[in-house]
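As structure tokens, the structure follows; a few thoughts come after it.
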Amino acid sequence: MSKTAILEIDGKKYEFPVVIGTENEEAIDIKTLRSVTNGITTIDPGYKNTGSCESAITFLNGEEGILRYRGYSIEELAEKADFLEVAYLLIFGELPTQPELDKFHNDIKAQSHVDEDVKKILDGFPKSAHPMGVLSSLTSALIAFNPSSVNVDSEEDMYKAIVKILGKFPVLTAWTHRKRAGLPLDYGDENLGYVDNFIKMMFKKPSGDYTSKKTVVNAMDKLLILHADHEQNCSTSTVRMVGSSHAGLFASLSAGINALWGPLHGGANQAVIEMLEKIKEDGGDTKKFMEKAKDKDDPFRLMGFGHRVYKNFDPRAKIIKKAADDVLAELGMEDEVLDIAKALEKEALEDSYFVDRKLYPNVDFYSGIIYRALGIPVEMFTPMFALGRLPGWIAQWREMRLRKEPIGRPRQVYIGENLRQFKAIEKR
Ligand code: SDX
């Protein structure tokens, strides 16, 4: 059943087709708007009402708090799948058979070596450098060491670039952490699983052996799954935009890492813990900070709260909140800021400012509690988000290239000076 939308301007009517998705989302297709109206465009700061593409990867329903990767619910995947399986699903569209998964993992392991000269770039950074800046730089630097991964037009070339970055990114992430911690770099162990090996590269002590801890591996695996994709969020849209100029995969991912760094986006997981620590040091008066969050004259925001799409609970926040309790219990740990987080959540859910604006905890509100329990330093929280989001960025970039999407180039409404004549400096 086809639908159309009518736009009337200056007494003239224009008809546009309505695109209907497989979950009955509807969008007015304005591809011809500028040409049929002789130059009229739309404007939508922050793209709150604008779809950039049609995609078959992730479905979100913000009103009902639904998140699905390739049709599978996030609840099922977090419970029953592992991260590499989910990465395969997002990128190639189907859950892998065991032989497919084994081949994928072996192809990734074969590409997990990072050129020793990359260490010289890493050594050029001060220990104080934020790891997101180091990671985006090293990801870009990989281009120089893997020139064949730049112009990837065939699916085969894309596959090679994909397994390269899936093999090397965990190494770069772990190296970035170890450099800051003053630890010798670790090369991992290809006999370990993908996530287990990452944890080894992060935490293996120079003088001791590495023993996998099931609780830690399972918790990290679940967190990475929960962060793996989220349709057209800021960093993913950045990856698609940069990739639309046919910049290579690594260059597009480096741009996505920088977009994710922002405290309004992936950087929020670090900002949440810093906020909770500040409330704890200030005596734990959550009501005082709630008032600050509601005060328009106060720049303080309740980090980890609110979302552009979810106007209900972020389903990932629900899963992470339960996992935080489970991980702390399994590790026999307590964390006072978890109690502060729960108190803030309870108060916000009963406060009309938050209820009226449909502000609920998002994925970043509780994730830092678990990262901290796993021994991850707070500056490394957003790199953990990037490691999780990597397969989603790759899947979205690959879809954009395979669908031969046009280069992204939005229009604008000019509000500057009209034509004026140049004045010599002595006459200004
Ligand atoms: C992620 O897009 C994705 O999918 C992102 C993500 C992913 O997986 O990729 O889900 C990951 O980025 C999660 C969000 C992490 N960011 C934070 O937790 C930072 C705190 N949250 C806010 O900055 C904000 O909620 C955003 C940025 C997340 C959403 O901003 P919007 O959609 O532009 O909403 P808005 O800023 O227009 O806010 C609407 C109203 C405003 O009040 P009024 O002007 O209507 O009076 O809600 C208020 C805002 O002031 N508001 C908040 C608030 N968030 C919104 N007030 C206090 N504290 C907050 N956190």
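Find the centroid of the Cα atoms in the stretch 340-368 and in the stretch 405-424, then give the distance between the two in whole Å.
41
How long are the semi-axes of the ellipsoid equivalent to the stretch 386-428, from square roots of 5 times the Cα gyration tensor eigenvalues, in whole Å, largest first? Walk me through the numbers on the way to the answer.
Values: eigenvalues 429, 47, 17 Å².
Equivalent ellipsoid of the stretch 386-428: 46, 15, 9 Å, largest first.
In whole percent, what relative contact order does the chain give with Cα contacts below 8 Å and a gap of six or more residues?
With pairs under 8 Å counted, the relative contact order is 19 percent.
Just to be sure I understand the model, the point goes 7 Å from the Cα along the line to the Cβ. What's the resulting S73 to K292 distance in nm?
3.8
Could you sort the peptides 412-423, 380-391 by per-residue average Cβ neighbour count (10 Å cutoff), highest mean leading?
Numbers: 412-423: 5.7, 380-391: 25.9.
Listed from highest to lowest mean packing, they are 380-391, 412-423.
The stretch 33-137: Rg/Rh from Cα coordinates, Kirkwood Rh? The partial results should precede the final answer.
Numbers: Rg = 21.1 Å, Rh = 18.6 Å.
Result: Rg/Rh = 1.14.
Considering only C-alpha atoms, what is the centroid distance from the stretch 80-144 to the stretch 1-38, in Å?
A separation of 41 Å, based on Cα centres.
Nothing charged except the Cβ atoms of Lys and Arg (+1) and of Asp and Glu (-1): what's the magnitude of the dipole of the stretch 305-428 about its Cα centre? Round to the nearest 20 debye.
The calculation lands at about 1480 debye.
Local charge sum around H227 (other residues, Cβ-Cβ under 9 Å, Lys/Arg +1, Asp/Glu -1)?
+1
Go through the stretch 333-349 residue by residue and turn each phi into a ³J(HN,Hα) via Karplus (6.51, -1.76, 1.60, θ = phi - 60°); whole Hz please, and just put x for glycine and proline.
With coefficients 6.51, -1.76 and 1.60, one gets 10, 10, 9, 4, 6, 5, 5, 5, 4, 5, 5, 4, 4, 4, 5, 5, 6 Hz.
Please get the size of the charge dipole for the stretch 379-428, origin at its Cα centre, with Cβ charges of +1 on Lys and Arg and -1 on Asp and Glu, quoted in debye to the nearest 20.
340
Can you tell me what percent of all Cα-Cα pairs in the stretch 280-428 are more than 21 Å apart?
Value for the stretch 280-428 (Cα pairs over 21 Å): 62 percent.
To the nearest 20 debye, what is the magnitude of the charge dipole of the stretch 235-301 about its Cα centre, counting +1 on the Cβ of each Lys and Arg and -1 on the Cβ of each Asp and Glu?
Dipole magnitude for the stretch 235-301 comes out near 260 debye.
What length, rounded to one decimal in nm, is gained on full extension from N191 through to Y159, with 0.36 nm per residue of separation minus their alpha-carbon distance?
So the chain would gain 9.3 nm between N191 and Y159.
If each DSSP helix of 4+ residues adds -39,500 (n - 2.57) and the sum is divided by the residues in the chain, what number results at 222 nm, nearest 500 deg cm²/dmol?
-16000 deg cm²/dmol
For the peptides 271-283, 343-355, what is the packing order when you average, over each peptide's residues, the other Cβ atoms within 10 Å and list the highest mean first?
Descending mean neighbour count gives 271-283, 343-355.
So what is the relative contact order for the stretch 197-279, in percent, with contacts set as C-alpha pairs under 8 Å and at least six apart?
Numbers: 37 pairs, mean separation 14.4, N = 83.
Relative CO of the stretch 197-279 lands at 17 percent.
What Kirkwood radius, in Å to one decimal, follows from the Cα pairs of the chain? Walk me through the numbers on the way to the answer.
Details: mean 1/r = 0.0426 Å⁻¹.
For the chain, the Kirkwood estimate is 23.5 Å.
Excluding L402 itself, what net charge comes from residues whose Cβ is under 11 Å from its Cβ, given Lys and Arg +1 and Asp and Glu -1?
Once all neighbours under 11 Å are counted, the net charge is 0.
Cα extents of the stretch 90-143 along the three principal axes, largest first, in whole Å?
Largest first, the stretch 90-143 extends 44, 22, 18 Å along its Cα principal axes.
If amide hydrogens are placed 1.01 Å from N in the peptide plane, which non-local residues have theirs closer than 5 Å to the one on G262?
Distant-sequence amide H within range of G262: G267.
FYI, it's all coordinate maths here, none of it is from the lab. Remember, predicted model here, so these are calculated numbers, not experimental data. Every residue, glycine among them, receives a Cβ derived from its backbone with ideal geometry; neighbour counts consider all protein chains shown.
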